[in-house]
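So the structure is just underneath, and the comments pick up after that.
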Amino acid sequence: MDARRKRHLKRSLKLAPYLLVLLMSGGYALVEHNIDSKEQAKIEEIKDDIIEDNNESISENNITAKEENQVIVKEEPVEQESVEEVKVTYSSELLDSGYEFETIDFDTLKQINDSASAWIKIDGTNIDYPIVTGSDNEYYLHHDIEGNKSRSGTLFTDFRNNPLDDEKLNDITFIYGHHMKGGKMLAQICNYKDENFYKEHDFGVVYTPDGYAYKITPLSCIVVDGNDEAETFVTNFENQTTYMNYIKKINEQSKIETNTCVKPGDKLLALVTCSYETTNSRCIVYFKMEKQYTNINQIENNVNKTLNR
């Protein structure tokens, strides 16, 4: 064997381990892509089953028993354990603007999983998923909404929070989800670190089983150590001062500057996923929540209820 062939063989042997790793990585990536695609297809199938035709006119029959008991501004304040008592109000802002709400069939969704408490959608992103309420913060990291083992998991409310369909909301409701490599689940909330992304995606909608929805408006985007739970993952506050100090702190830490104003008594939604600045980084995007009418019948019904009191 001449010197040239020996050098070529020696070089090939050195490269072999790296080529093997590259091929294996590509294989794993392909497997992960296929798994993610199958799990996303399942979500799309569920969406087909539970999202009703938006073009159908909403009749009086669509008003649920819960809606009939609602009023525009309730006389009785919602009980709060932390921030002082405030009245629950409803807004027609999105309805007036012509926003096309979807109609979620929560009865069908709850047949799939009776812990389903909301559906979140941020237009222009992949975020269009059900939200469940579990008994811990572990199970739905590894299971889909049907209870099957899953790499993608399911978006879920912190088990210490009240569900989003509860009238007694916590000061901050934390929602957790995976940061999938293909951009699914909550991966895209990390894009809120960029000012331009925030400006192009300046609100989302959270649907609840009572027929109403929440407009969620970005307040701040921060990156924290996931182990810093006591300082960050606070759901209820002792008083208005501690609450507003927390708001001030997250605004100071925010990667972006928003024009969202929060006052005592306002409720926040926080979307949480992994970030990769450090080993255990978490990206958290805080949103201000404002309850919305989703159809004209809700407004008319509530006006009539108010006038007849």
Accessible area expressed per residue, the stretch 153-286, with surrounding protein chains retained (probe 1.4 Å, Å²): 41 Å²
Potential lengthening between ASN259 and LYS47 on full extension [0.36 nm per residue; Cα-Cα distance subtracted]: 73.0 nm
Relative counts (whole %) of C-alpha pair distances in the stretch 156-243, using bins that are 5 Å wide: 2, 11, 17, 23, 23, 17, 6, 1, 0
Residues with amide H under 5 Å from that of ILE51, placed H, sequence gap 5 or more: ASP105
Chain lengthening between SER281 and SER91 when straightened (0.36 nm per residue, less Cα-Cα): 64.8 nm
Neighbour cut-off at most 15 other Cβ (10 Å), DSSP loop, GluC sites (Glu not before Pro), the stretch 214-309: GLU238, GLU257, GLU277
Unit charges on C-beta of K, R, D, E only; dipole of the stretch 177-243, Debye: 380 debye
In order through the stretch 277-282: 3J(HN,Hα) via Karplus (6.51 cos²θ - 1.76 cosθ + 1.60), integer Hz, x for Gly, Pro: 5, 9, 4, 10, 6, 10
Top positive-direction residue, dipole computed over the stretch 126-181 with Cβ charges, set GLY177, GLY134, PRO163: GLY177
Sites matching chymotrypsin sites (Phe, Trp or Tyr not before Pro) across the stretch 256-309 that sit in DSSP coil, with at most 14 neighbouring C-beta atoms within 10 Å: TYR276
For the stretch 89-208, Kirkwood radius (reciprocal of mean inverse C-alpha pair distance, Å): 15.4 Å
Using a Förster distance of 25 Å, the FRET efficiency for ASP123-LYS305 (Cβ separation, nearest 0.05): 0.20
Listed residue pairs exceeding 25 Å between alpha carbons, taken from LYS42/LYS110; LYS42/LYS199; LYS199/LYS263; LYS215/LYS249; LYS47/LYS291; LYS255/LYS288: LYS42/LYS199
J(HN,Hα) series, the stretch 143-148, from Karplus relation 6.51 cos²θ - 1.76 cosθ + 1.60, nearest Hz, glycine and proline x: 9, 7, 5, 8, x, 7
Per-pair calculated FRET efficiency, R0 = 45 Å: ASN227 and ASP105 via Cβ, rounded to 0.05: 0.65
Potential extension, ASN137-LYS149 segment - 0.36 nm per residue separation minus Cα distance: 2.8 nm
Amide proton proximity set for ASP171, modelled H, under 5 Å, gap of 5+: PHE237
Highest average packing first - 219-227, 186-194, Cβ atoms within 10 Å: 186-194, 219-227
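The values are calculated or read from the model by the stated rules, or taken from the named source; none is laboratory data. Remember, it's a predicted structure, so these values are computed and weren't measured experimentally. We place every Cβ from the backbone using ideal geometry, glycine too, and count neighbours over all the protein chains shown. Surface areas here come from the heavy atoms of the whole protein model, side chains and all, with no ligands, DNA or RNA. Shrake-Rupley method; radii C 1.70, N 1.55, O 1.52, S 1.80 Å.
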